[in-house]
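The values are calculated or read from the model by the stated rules, or taken from the named source; none is laboratory data. Predicted model only: the values in this text are computed from it and were never measured. Glycine also receives a Cβ, built like all others from the backbone with ideal geometry; neighbour counts cover every protein chain displayed. Note: areas computed on protein heavy atoms with side chains; ligands, DNA, RNA excluded. Shrake-Rupley method; radii C 1.70, N 1.55, O 1.52, S 1.80 Å.
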Amino acid sequence: MHPETGYLAHTAPASDKPLPEESLTVTDNRTGKTYTIPVSDGTIRATDLRQIKTAPDDFGLMSYDPAFLNTASCRSAITYLDGDKGILRYRGYPIEQLAERCSFLEVAYLLLNGELPTESELDDWVRQVSAHTMIHENIKKFMDGFHYDAHPMGMLISAVAALSTYYREARNIHEPHIRKLQITRLIGKMPTLAAHSYRHSLGLPYVYPDNELSYTKNFMHMLWKKTEPKYSANPVLARALDILFILHADHEQNCSTNTMRAVGSSQADPYATTAAAIAALSGPLHGGANEEVLRMLDEIGSKDRVPAYIAQIKAGHGKLMGFGHRVYKNYDPRARIIKRVAEEVFQVTGRNPKLDIALELERIALEDEFFIRRKLYPNVDFYSGIIYQAMGFSPDMFTVLFAIPRTAGWLAQWQEMLEDGEQKIARPRQIYTGHEKRDFVRIEERAPGRMVRVG
Ligand code: CMC
């Protein structure tokens, strides 16, 4: 009997017993045995396959799914994504409505708590986050230790990991109020750390937070304040940044969120865990793509060179950065919103000439059989970099700008994972492809040039 459903998992082939509707019947042709496996939410449990054995001492059948192409690793109530229809919702609310009507901190509250805040809840939340924007003075010294041209993502990963040395109680991840405090601290401190990494690379003095300002205006103040007594952020740019933060706040089980859950499952503290997620985000196939898009547009140089560049991609030389997605097989709804925000930003900053190259790339790619057949559409990273550059950021800051809001999503997912009674330490299986047992060979008897076969 299956422990949860109570119905028979292994049935004789000739059984007349009516089969449960929500089930899967498979025959193991190695043994001729037939098994009925429960189906729930369109999935079977991989562990149910373990009862399919060829002999009592057989380990049992496993599923093999490199890169998790078809494996759900958790149940989550945070983000809903339909990649074929191009739908993205946080806690049920369409991303378009949230981007239009909310502030980033309101959305962070929604992700973390499951509901939109009331006015007083929001005021309280904003106050709490603002109270945690300062960082210990020693962190500044720590930042000073980086080389002048250190990549800001490397600095951010290290600085967030270093926070775990300041808040030793953070290890107590099972205590809800301690967890909540670390979540608030991390969301509060991310813009400060990000701004410090930016100013370090420019050799500018660090600027302390101004808690009278909104989350994004305060961030802009820490980035760009020079000698003026009070930095005044352009409201259109501050709102654009807020929208970009909302769009980047969560995206269900992507590479960095999966890292957050995997590292968090070992019960590491949230600073170490978030640092690991930021490291995952830094890769060019994930958050680092926004930086790569700008490099690609620079390399293309002008609109008339787009067809030649596309031909090069089709010939197998590299990828069109900012295109394609594991889940979206339709236009990324975030890219659509970003395109609109770009127009608003350019009203203030002037048009970034790279937009014309990007639009031409998109136009040609969307008409091209190669991209149509593979369902490759622009993703969130395709246009975000063009906006960031127009706002004054250098490309190596782009992924840092992604990490700030995604921290809210990572922490919501981390919290959900910790509260999920079904979750344990994440530990996949493998198919061993190495040698059978063999005896040790003394060094003087070993043949030269023998390589260990990898893969
Ligand atoms: N340009 C050209 N060809 C592509 C691209 C691209 N950007 N993306 C996928 N393909 C091709 C790929 O070569 C493969 O072709 P074939 O079937 O002939 O072998 C086919 O499309 C399927 O791609 P895949 O590599 O199996 O897809 P995946 O789900 O493993 O990868 C991806 C998804 C996002 C890593 C990939 O599309 C990619 O590398 N895109 C460029 C980097 C990028 O923009 N990343 C940001 C992703 S969105 C935001 C985020 O996660 O941070």
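Assorted remarks:
- Candidates N113, N138, filtered to the one that is assigned by TED's automatic domain parsing to the domain that holds M417, within 25 Å of L418 (Cα to Cα) and open to solvent by 60 Å² or more (accessible area, probe 1.4 Å): N113
- Looking only at residues of the stretch 64-95 that are more than 20 Å from L411 (Cα to Cα) and among the polar types (S, T, N, Q), we find that the one that is most open to solvent (accessible area, probe 1.4 Å) is N70.
Quick grid of which residues meet (1) touching a Cys at 6+ places or on another chain (Cβ under 7 Å); (2) touching a residue at least 40 places away in the same chain (Cβ under 8 Å); (3) open to solvent by less than 40 Å² (accessible area, probe 1.4 Å):
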| position | (1), (2), (3) |
| --- | --- |
| M153 | no, yes, yes |
| T165 | no, no, no |
| R168 | no, no, no |
| P176 | no, no, no |
| R199 | no, no, yes |
| G203 | no, yes, no |
| E212 | no, no, no |
| T216 | no, yes, yes |
| A233 | no, no, yes |
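- Members of the stretch 293-334 found to be in a helix (DSSP H, G or I), open to solvent by less than 60 Å² (accessible area, probe 1.4 Å) and near the ligand (Cβ under 9 Å from one of its atoms), listed by number: V293, I313, R334
- Set side by side, the residues E106, E100 differ, and just one is within 15 Å of F245 (Cβ to Cβ), in the same structural domain as H325 (by TED's automatic domain parsing) and surrounded by 16 or more Cβ atoms within 10 Å (Cβ to Cβ), which is E106.
- Total residues in the stretch 347-385 satisfying the condition of being open to solvent by less than 10 Å² (accessible area, probe 1.4 Å), near the ligand (Cβ under 9 Å from one of its atoms) and among the aliphatic types (A, V, I, L, M): the figure is 2.
- Test set (1) out of contact with any Gly (no Cβ under 8 Å at 6 or more places or on another chain); (2) of a type outside the set (V, I, T); (3) part of a helix (DSSP H, G or I) - W414 fails condition number: (1)
- For beta carbons closer than 9 Å, sequence separation of 6+ or different chains, a first residue in the stretch 301-327 that is under 11 Å from F370 (Cβ atoms) and a second that is open to solvent by 90 Å² or more (accessible area, probe 1.4 Å), the qualifying pairs are I313/K319.
- Matching option when the condition is under 25 Å from L110 (Cα atoms) and surrounded by 24 or more Cβ atoms within 10 Å (Cβ to Cβ), among I278, I337: I278
- D123 meets all of the listed conditions (1) under 25 Å from E416 (Cβ atoms); (2) of a type in the set (D, E, K, R); (3) open to solvent by 20 Å² or more (accessible area, probe 1.4 Å) but one, namely (1).
- Scope the stretch 417-446; condition more than 29 Å from M62 (Cα to Cα) and not in a loop (DSSP other than H, G, I, E, B); matching residues: I443, E444, E445
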